[in-house]
1. Among the residues of the stretch 68-118, write down those that are within 11 Å of the ligand (Cβ to nearest atom) and of a type in the set (Asp, Glu).
2. Take the residues in the stretch 30-45 that are touching a strand residue (DSSP E or B) at 6+ places or on another chain (Cβ under 7 Å) and within 26 Å of ASP182 (Cβ to Cβ); name whichever of them is nearest to the ligand (Cβ to nearest atom).
3. Go through the stretch 197-212 and give me each residue that's at pLDDT 95 or above and surrounded by fewer than 16 Cβ atoms within 10 Å (Cβ to Cβ).
4. Within the stretch 48-76, how many residues turn out to be farther than 12 Å from TYR7 by Cβ and touching an Asp or Glu at 6+ places or on another chain (Cβ under 9 Å)?
5. Looking at (1) within 23 Å of SER86 (Cβ to Cβ); (2) over 21 Å from the mean Cα position of the chain (by Cα), can you tell me which one GLN137 breaks?
6. For a quick check of your reading of the model, give me the residue pairs whose first member lies in the stretch 71-90 and is basic (Lys, Arg), whose second is away from the ligand (no atom under 13 Å from the Cβ), with beta-carbon atoms closer than 7 Å and at least 6 apart or on different chains.
7. Here is a check on your reading of the model: is VAL23 more than 14 Å from the chain's Cα centre (by Cα) and either of a type in the set (D, E, K, R) or closer than 25 Å to LEU150 by Cβ (or both)?
8. Please count how many residues of the stretch 17-50 are out of contact with any Leu (no Cβ under 7 Å at 6 or more places or on another chain), at negative phi and of a type outside the set (Ser, Thr, Tyr).
Amino acid sequence: MKKSYKYIFGPVPSRRLGKSLGVSPIPQKTCNYSCVYCQIGRTTHFTNTREDFFPRNEILDEIKDAVEQLDFDYVTFVGEGEPTLSKSLGWLIIETKKLTDKPVAVITNGALLYDPQVRNELLTADVILPTLDATTQELFKKINRPKKELDIEKIIKGFQDFREKYTGQIWMEVMVVDGLNDSEEDIAAIKKVLDRIKCERVYVNVPIRPPAEKWVKIPTKERVIEICKILNAENIDSYEETEGFHIDKDKDLKEQILKTTLRHPLRESQILSMLDLPEDEILQLLHEMEANGVIRKKIYNEKTFWVRTKQKE
Ligand code: SF4
């Protein structure tokens, strides 16, 4: 059986990053936002203070092992929360680049880019994938529900300052929620900011997996297409749901389902289609895990998902 890691996951398939080797340098659901659409639920460790949550050498040892053993396209710093909250992120990026020629990406909400130290640390990454869902403080508070000291104007200024020095790629994601940030006015304001940041790519996403708040709705397909045109963006809603889950036949299936549901809910039909096992057997396993109280069923957007109930490895 293949080795299990504490900080590394995947490589998982990603349309944007190919085979993405994930590194999570923060504990489960540590974030400075508590977005209404978050697929891992409301933020439980709500903080804007950077820390070394784990010994950085322990994380690096796993990266070293994984880059030697596994086949991947990107090393991606991401987390079940916000990876820039790890105080050692910059050091980890530099050390990772000494270990592999493959590019390093960081998936972030971008909030801490107002901090010159964080901007400097991210300069060494090859691709940054931040998020921008609002341009006014009122809407920012409604959709991203940030720590109260966070100010959207300062964050946008941080994006611009970062862009001035950064020679890598910025692939911005805009998450659109029906009736919340999808109006003509809100999208036009986002477009203005995106033009200033000069991102190499823009992706529009929608909450395709069960969100933190039940009332969150996906805009119509027509509206998403219009928004993509306005923002000159690619629509990722059609493929994101199939991303991020890879079954490794050499690893324990239960453990893989548990690990993946820590990062996002899993659509039942996706699990069934990916496994070369009789449907009854897979459903029985899922129901056993449900009976043990570690996962539970959730219907969202007329689809059945399995979500994590307990946070244990
Ligand atoms: S979607 Fe990202 S930024 Fe928003 S609460 Fe979840 S982990 Fe934090």
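The values are calculated or read from the model by the stated rules, or taken from the named source; none is laboratory data. Everything quoted here is computed from the prediction, not taken from an experiment. Cβ: placed from backbone, ideal geometry, glycine included. Neighbour counts: every protein chain shown.
1. Passing the criteria: GLU80, GLU82.
2. So the residue we want is CYS31.
3. GLU200, ARG201, listed by residue number.
4. Number satisfying all stated conditions: 3.
5. (1)
6. What qualifies is LYS87/ARG50; LYS87/GLU51; LYS87/ASP52.
7. On the way: more than 14 Å from the chain's Cα centre (by Cα): no; either of a type in the set (D, E, K, R) or closer than 25 Å to LEU150 by Cβ (or both): yes.
No.
8. Step one: filter the stretch 17-50 for residues out of contact with any Leu (no Cβ under 7 Å at 6 or more places or on another chain), giving 17-20, 22-24, 27, 29, 31, 33-46, 49.
Pick out the ones that are also at negative phi and you get 17, 19-20, 22-24, 27, 31, 33-40, 42-46, 49.
With the extra rule that they be of a type outside the set (Ser, Thr, Tyr), the set shrinks to 17, 19, 22-23, 27, 31, 35-36, 38-40, 42, 45-46.
Looking only at that region, the number is 14.
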